[in-house]
Structure formats: structure tokens, C-alpha cells
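Engineer: Once you've had a glance at the structure underneath, I'll fire off some questions.
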Amino acid sequence: MIKGYSLTLRVFVLVREWSKNNMRFNTLRMRPILSTTSLIFYFPLAIDCDHHNMNLGFMVDGSATVELSGEGNFNKSLEFVANFIASFDVSDNATNPGMVVFSEDPHLVFNFSKYKNPADAIVAVQMATYPGNGRKTGEALNFVRRNLFSETTTENNKPKYLIILASGASYDFVKTPAKLLREENVTIFCIGVGKDYDVDELKLITGDNGNRVYETSFEDLGDLNRMLKKEICRCKLFLFEFLLCYVY
């Protein structure tokens, strides 16, 4: 949804009207002399998203249903993460990526301090192994909080974001682990991929009634890249309403 601001212009003049009944001017009052027709323009704010200063974490579903729903789906998830990282400036003074693959047991692929350029981070993403077991999203959220977004790995005080790719419902509880993570000032985005994910569960994780929940297929994951980047970078579109006026 594009949010914006609307400007409305109304032009008035002070007038005195002659009264034939009492042969004098009536009291001063305001009278509109212009009517309006709206002409709408959209202007993007010039925000440099590529060099956004942040800790950007990924929590990628590596459960059995990922590949059961289509061979090569795990690699499509990794391709999405790699392309997303490639769209940012990865360095000490800009974006620091980190990644966890989760199934029954979460695995730290790399943390925020590991890579200082996108090429090395992308290679690490592409080398991530597929566990292919059950899915404990709650346990993974706790793991991410303790190992990816811990005080020792985020001492640079950069904004913290987490993108979760989930292909199905969790086998354990997610409410408390997600709440604890958000209380650490981590903004969570959830992507439901495939057909078996639980939208209500993803809303529970993000804690915002679904504004940061996206639904797609493994084939169309890449189409979310641009939209998601704008949300994370806080890019906004302003709606300006210009007015064409004509005299009554």
C-alpha cells in the first residue's frame, strides 16, 4: 500500500454584500471564489537504500517440506537471500548480514561480524547445507536472539532486522520467543513460501497484525526483493495533491 499526504487548497475572500432592504452593507463574511479539481502526482523520496546502516539477519527454513513441495526449493531460498544481500553495501559502515538455517536444530551460517563485503557473504549463503528435518521455529527464534542478535554481535548499535522464510507451521510455540526477540528491538519480516505456512503464526511472530507478512511461491520469491528492501530502508512515497482551480 502506498501511503502519502494530501494537500487541499481553498481560496476565500472577505466580501461585503449590499442589502436592498435596509440600504446598507451586510456584515463581512468569508466567501469561496475558487473550486478545485485534483491532479495527483507521486514522488519517491531520495533515500540511499544501498548504503543503509543496519544488521540484517536471515532465518531460512530448511525443513523437509521445503524440498518435498518442489525439488530445488531450498536453493531458491538461498538465491533470494544472496540477491538481497547483493543489493546492499556490505561493510563495517553500512549493512552487516547474518544468516541462520533452521529445521529441528538451528545452524548459524555466519554472524554480523563475519563478512565485510557482499561477495564473501554470498558465497557463504550459497554453501549453506540443507538439513531436511522437522521445523521448530520457536527454537530457531531463541537461537537467533542468543547467537545472531546477541549483545556481543550487535554492539555497534545499528538497527536490527530479521527476515524469516517459512514454508510451514512450527512444531513448537513461537509467541514468547518472537516477543523476546522484538523486545530486543529486532524488527521482524516474515515470508510465507509455498502452500503450507500458517499466516496467523507469521502475524504472531511479527507482532504487527500482518503488515510485515508476505505470501509468495518459491518461484516468485525474487519478486519480493524490491518491495521488501523499500520497507526495510524506510523508503516512502509521498502523495502530493495539486489543485486546478477555476473561478465560480
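What follows draws every value from the coordinates through simple rules; no lab data is involved. For clarity, every value in this text was computed on a predicted model and none was experimentally measured. Every residue, glycine among them, receives a Cβ derived from its backbone with ideal geometry; neighbour counts consider all protein chains shown.
Engineer: Ordered by residue, what ³J(HN,Hα) values in Hz, to whole numbers, does the range 70-77 give under the Karplus form 6.51 cos²θ - 1.76 cosθ + 1.60, where θ = phi - 60° and Gly and Pro are x?
Structural biologist: After applying 6.51 cos²θ - 1.76 cosθ + 1.60, I find x, 5, x, 5, 5, 5, 5, 5 Hz.
Engineer: Now a separate question. Using the basic label-point model (7 angstrom from Cα toward the beta carbon), what is the Asn211 to Ala86 distance in nanometres?
Structural biologist: Distance between label points: 3.2 nm.
Engineer: Between rounded, prolate and oblate, where does the range 54-232 land on the alpha carbon gyration tensor, with a ≥ b ≥ c its root eigenvalues, rounded for a/c under 1.5, else prolate if a/b exceeds b/c?
Structural biologist: It is rounded, given that a/c, with a ≥ b ≥ c, falls under 1.5.
Engineer: Right, next: Once amide H atoms are placed 1.01 Å from N in the peptide plane, what residues at a sequence separation of 5 or more from Lys136, or on another chain, have their amide H within under 5 Å of its amide H?
Structural biologist: It is Ser103, Glu104, Tyr171, by chain and number.
Engineer: Could you work out how much longer the chain between Arg146 and Lys175 gets when fully extended? Use 0.36 nm per residue separation minus the Cα distance between them, nm to one decimal.
Structural biologist: 8.8 nm
Engineer: Okay, moving on. Quick one: which of Lys114/Lys195; Lys158/Lys230; Lys195/Lys229 span more than 28 angstrom between C-alpha atoms?
Structural biologist: Checking Cα-Cα distances, Lys114/Lys195 exceed 28 Å.
Engineer: Tabulate in residue order the Karplus-calculated ³J(HN,Hα) for the range 207-212, using 6.51 cos²θ - 1.76 cosθ + 1.60 with θ = phi - 60°, rounded to whole Hz; enter x for Gly and Pro.
Structural biologist: Per-residue couplings from phi come out as x, 10, 6, x, 5, 10 Hz.
Engineer: Per-residue HN-Hα couplings for the range 143-151, Karplus 6.51 cos²θ - 1.76 cosθ + 1.60 at θ = phi - 60°, whole Hz, x for Gly and Pro?
Structural biologist: Karplus-based 3J(HN,Hα) across the range 143-151 equals 4, 4, 5, 7, 10, 9, 9, 6, 4 Hz.
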